[in-house]
Amino acid sequence: MINVIDDFADQLRDAIAAAAIAVSPASPCADAARDGLARIAGTLGQVPDVTLYNLASADRATGGIIMMALKIRLRAVGGGPTLDHPDAATFLDELHRPLFDTVRKRRVN
């Protein structure tokens with residue numbers, strides 16, 4: 001389980017770094033994007049292991065779609081108030097919560 005979490009976190013760190021490199025200096029949102037990505041990167045270690053494990057498991061089950069969605073969302077960080085996240089847990093929870101609420105509902109029904 002630890003390897004799964006570590007591997008997923010490493011992939012996410014790489015995706016955050018790639019998103020930061022891709023920020024256009026000419027963009028009016030460049031500073032907000034870099035600041036938001038730095039906040040996410042700086043707080044990734046505070047994300048509960050269960051969240052990372054759930055997302056990693058879903059990513060493996062979907063052939064990488066979860067990580068692809070996270071990469072797309074990382075490119076939008078700083079693009080407006082609804083795309084600004086105070087930390088990594090909040091950023092990831094916006095995908096984690098609806099994904100696993102759906103899973104729970106299917107198990108109940």
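The values are calculated or read from the model by the stated rules, or taken from the named source; none is laboratory data. Remember, predicted model here, so these are calculated numbers, not experimental data. As a convention, Cβ positions derive from the backbone with ideal geometry for all residues, glycine included, and neighbour counts pool all protein chains shown.
The residues of the stretch 19-54 that are more than 18 Å from HIS85 (Cα to Cα) and in a helix (DSSP H, G or I), listed by number, are ILE21, ALA22, ASP49, VAL50, TYR53, ASN54. Go through the residues of the stretch 75-85 one by one and say whether even a single one is modelled with pLDDT of 90 or more, among the aliphatic types (A, V, I, L, M) and out of contact with any helix residue (DSSP H, G or I) (no Cβ under 7 Å at 6 or more places or on another chain). Checked against the condition, which is being modelled with pLDDT of 90 or more, among the aliphatic types (A, V, I, L, M) and out of contact with any helix residue (DSSP H, G or I) (no Cβ under 7 Å at 6 or more places or on another chain), the stretch 75-85 yields no hits at all.
Among the residues of the stretch 64-90, the ones that are of a type outside the set (Val, Ile, Thr), in a loop (DSSP other than H, G, I, E, B) and either surrounded by 15 or more Cβ atoms within 10 Å (Cβ to Cβ) or under 10 Å from the mean Cα position of the chain (by Cα) (or both) come to 5 in all.
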